[in-house]
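In what follows, a single structure is set out as structure tokens and then discussed.
The values are calculated or read from the model by the stated rules, or taken from the named source; none is laboratory data. All values reported here derive from a predicted model rather than from experimental measurement. Neighbour counts are summed over all protein chains in view; Cβ atoms, including those assigned to glycine, are modelled from backbone coordinates with ideal geometry.
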Amino acid sequence: MTPAIYHFAGRVREAVRSPRLLLAGLACGVFAATLDARVATHVRHPLVVMMFGLSYLGGLASVIGPGASSSPGQGRFWSTRFVGVDKLDWAHPPLPLGSRSRVLAEALAAVVIILAWRAILEPAYVLALPPGSWAGILGFARDRWVEACMILPCAVAWLSPARSRALHVVRSVAIAPLVIAWSLLAPRVGIWSWPVVALVLTVGLLELSQVRLRFTVPFRGRTRAGALVRRARTPESQLWRDFWSGPLTANVLVALFMLVALVSNAILYSLSRDRSFVSGMATGAWVALLLVPLGVQLLGRQARRGGTPLFGGSFVAAWSALPVRRDTLLRGVYAHGLLWGGCLSVFSLTFPDLDGRWLIGPVGLAASLSVAGALVSVAIGDRWRGLLSMGATVVSLGALAMPAMLTHAAPVWTTVAPIAVAALAGAAGGLPPLVHLGLRRAERR
Amino acid sequence: MAADPLVQIAGLVVHRGRFTLSVPEWRVAPGQVVGVVGPNGAGKSTLLESIAGLRATDGGALRVFGCDPWGDPVAVRTALGFMSDDLPVFAMRIDRLLRTLSGYYATWDAALVESLLERFELDPRDRVWELSRGQGTRLRLVTAMAFRPRLLVLDEPAAGLDLAGRRTLIESVLDIVRDPQRSVILSSHVLADVERIADELLVVHNGLVVRAGRTDTLIGDRRTLEEALDAWGAV
């Protein structure tokens, strides 16, 4: 991560220090600002905004992308980027930086430069707002944020090397309809769907791109002993760290984003009472979903020969050689499951158009019991209890959908009965796996 | 005065389905390489897993460093390295995996890890799920040895290893037992390797101990371990 930040900072510094880059950026910014001034009061169509984004991208990708750095005696990467992926080896010196991180850092640098120029060249936009209007300033900031989210996947598509010119062109062009569709649909969902979609598109592009190249540098000297070690603690505190604080610190940017998103959304809601608050909550919940289970690599993240079947018990087996008590481990898994289920409940609460949604939260907490039970069963490899918990989760969610679909005029029992079913199913699925939390019998491997 | 044994077994009984492992009495002293040999299904892995605290026992006494490995896994596994060729490992890059594991051991030796990575020709930037079987075995060996455990328990460490890997394994095991306080227990079907490095042997068959004692005494000068196992009916 640190080399990627250095690389990003270096690219920005390079752009700032180079007169050529500054001139190009200035031209691009003036062009965009002029266009924006013309259409700002008349056309706020996402397509127009997207065209701005593409124009920035076209202007700036050439000046701060990989093409800006030439390798002495070997020509410019720019002219050979379509020839073959092997060229990336010399185009990018063997920095201690993965090609994926490098592409992302380049794209972020492009976005930062673009937005910096916008912020510099559009003070009139802000000054035109009514004095003291926080909402207007927030709106300006929000627009810039949306632009950043829009430009990022485009920049990634543009900067990623491809095996052929055709593939590169296809990928760069194919991202445009996606961004357009997203631009049109996003206003219906809320402003905070933008970063989510941007994240999905960016990650998808990075996965599809040929950025998993390996440099042909010999092994020796590529690692330091210090890089392979971290400060030892007692196994219990280390487990606590890896399960809870570790994922948070490892994903600190995501956590900060979630925090900023939620706080900003609360402010926006207090100012405008629009639905962006709701979608912001949804975004936060989903980010939490992504953050915690993936951070701890709870499921499907163990490698063993012959693959990892769902009820193979690989999670516990992978920890089995470590000085960690199994029941402590499983309690952590159960707590993660509860948290996960709780996040699902919060997310369910954010459906704005469902009449019975206030019921979803409390009953969803009951369903989270079965989610936690299913996680424990999967972690330890208990097929039957796991299937029971999963079935209970499905029943709970199915029962939850019923009151949500009812109107206020429906009889009380039609609401109470599904709630009772959901709560009972949640408990039925969540309680049996509890026997594992203090278990002392032969471990299944 | 003899040093306290690292492993002490008396009347051990372990059930695994319909299979029963029974070990009347057995000790592992410090500074030894102990080979556990026997045919498939003899109970080697069951015994080693019990010693590592991965499997509960059903009778008798099993003490590792004076502790019950199942009841007090933290105390035992802090100083016991266990490796099995089918033990899952976290699916991440090797360097990140090693860094993650290092936090659990106060005795983690980063310099040793680096030298083991070179010795076993592992690239720390490789992803675990992309390793071949032999590379996976090498990685498991590295993780088991990295914290300089007092007792190293290796279950089929040579599985999937090529000749160079087996040589490196043997060198590493011999390095470990240069320290008189540390021991290695290994089970393997590569009998030539076991015969070459094991000071003591435990021969098991159908869950029963067939022979136990010093390797040279058990085998004798005029036959190989394979021939001896043939003679004992433990093949």
Members of region B:26-81 that are farther than 23 Å from B:R214 by Cα and of a type in the set (F, W, Y): B:W70
Complete set of residues in region B:42-56 that are crowded, with 21+ Cβ neighbours inside 10 Å, within 9 Å of chain A (Cβ to nearest Cβ) and not basic (K, R): B:E49, B:A52, B:G53, B:L54
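Take B:L80 and decide whether it is modelled with pLDDT of 90 or more, at the interface with chain A (Cβ under 10 Å from one of its Cβ atoms) and within 28 Å of B:L225 (Cα to Cα). So that I can check it myself, show each step before the final result.
Working: modelled with pLDDT of 90 or more: yes; at the interface with chain A (Cβ under 10 Å from one of its Cβ atoms): yes; within 28 Å of B:L225 (Cα to Cα): yes.
For B:L80, the condition - modelled with pLDDT of 90 or more, at the interface with chain A (Cβ under 10 Å from one of its Cβ atoms) and within 28 Å of B:L225 (Cα to Cα) - is met.
Surrounded by fewer than 21 Cβ atoms within 10 Å (Cβ to Cβ), within 8 Å of chain A (Cβ to nearest Cβ) and touching a Ser or Thr at 6+ places or on another chain (Cβ under 8 Å): does that describe B:A106?
Working: surrounded by fewer than 21 Cβ atoms within 10 Å (Cβ to Cβ): yes; within 8 Å of chain A (Cβ to nearest Cβ): yes; touching a Ser or Thr at 6+ places or on another chain (Cβ under 8 Å): yes.
Considered against the rule, which asks whether it is surrounded by fewer than 21 Cβ atoms within 10 Å (Cβ to Cβ), within 8 Å of chain A (Cβ to nearest Cβ) and touching a Ser or Thr at 6+ places or on another chain (Cβ under 8 Å), B:A106 comes out as yes.
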Flag for B:V74 being among the hydrophobic types (A, V, I, L, M, F, W, C), more than 9 Å from chain A (Cβ to nearest Cβ) and either under 30 Å from B:I219 (Cα atoms) or surrounded by fewer than 23 Cβ atoms within 10 Å (Cβ to Cβ) (or both): no
Residue in region A:155-163 that is surrounded by 18 or more Cβ atoms within 10 Å (Cβ to Cβ), touching a Leu at 6+ places or on another chain (Cβ under 8 Å) and at pLDDT below 70 present: yes
Among (1) in a helix (DSSP H, G or I); (2) more than 7 Å from every other protein chain (Cβ to nearest Cβ); (3) of a type outside the set (D, E); (4) surrounded by 22 or more Cβ atoms within 10 Å (Cβ to Cβ) - the single one B:L154 does not satisfy: (1)
Failed criterion for B:A158 (all others in (1) within 18 Å of the chain's Cα centre (by Cα); (2) modelled with pLDDT under 90; (3) within 20 Å of A:F315 (Cβ to Cβ) hold): (3)
Qualifying residue in region B:36-43 (condition: among the β-branched types (V, I, T) and either closer than 13 Å to B:E200 by Cβ or at pLDDT 95 or above (or both)): yes
Considering residues of region B:83-103 that are in contact with a Phe, Trp or Tyr (Cβ under 7 Å, 6 or more places away or on another chain) and at the interface with another protein chain (Cβ under 8 Å from one of its Cβ atoms) only, the residue surrounded by the most Cβ atoms within 10 Å (Cβ to Cβ): B:S102
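Against the condition farther than 26 Å from B:Q181 by Cα and touching a helix residue (DSSP H, G or I) at 6+ places or on another chain (Cβ under 8 Å), how does B:D95 come out, does it pass?
Judged against the criteria, B:D95 is a match.
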Test: residue in region B:118-127 that is more than 8 Å from chain A (Cβ to nearest Cβ) and without any contact (Cβ under 8 Å) to a residue 24 or more places away in the chain: no
Residue within region B:57-67 that is within 9 Å of chain A (Cβ to nearest Cβ) and in contact with a Lys or Arg (Cβ under 7 Å, 6 or more places away or on another chain) present: no
Lone qualifier among B:R148, B:R182, B:R214 - being basic (K, R), at pLDDT 90 or above and touching a Pro at 6+ places or on another chain (Cβ under 9 Å): B:R182
Matching option when the condition is closer than 26 Å to A:G381 by Cβ, β-branched (V, I, T) and without any contact (Cβ under 8 Å) to a residue 12 or more places away in the chain, among B:V89, B:V14, B:V74, B:V64: B:V74
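Where in region B:1-67 are the strands (runs of 3 or more DSSP E), entirely inside, with at least 3 residues that are β-branched (V, I, T)? Full working, then the answer.
Values: elements: B:7-16, B:19-28, B:33-37, B:59-64.
So the answer is B:7-16, B:19-28, B:33-37.
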Residue within region B:167-186 that is more than 26 Å from A:T234 (Cβ to Cβ), buried (at least 17 other Cβ atoms within 10 Å of the Cβ) and within 12 Å of chain A (Cβ to nearest Cβ) present: no
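Name the one entry in A:V376, A:V421, A:V416 that is more than 14 Å from every other protein chain (Cβ to nearest Cβ) and either assigned to a loop (DSSP other than H, G, I, E, B) or modelled with pLDDT of 80 or more (or both).
Every option except A:V376 fails the conditions.
Out of the residues in region B:117-137 meeting the condition of being in a helix (DSSP H, G or I) and under 21 Å from the mean Cα position of the chain (by Cα), tell me which one is surrounded by the most Cβ atoms within 10 Å (Cβ to Cβ). Lay out the reasoning, then the answer.
As a first pass, look at region B:117-137 and keep what is in a helix (DSSP H, G or I): B:117-119, B:128-130, B:133-137.
Okay, now just the ones that are also under 21 Å from the mean Cα position of the chain (by Cα), so B:117, B:119, B:133-137.
Details: B:L117: 23, B:R119: 20, B:R133: 12, B:G134: 18, B:Q135: 20, B:G136: 24, B:T137: 26.
Result: B:T137.
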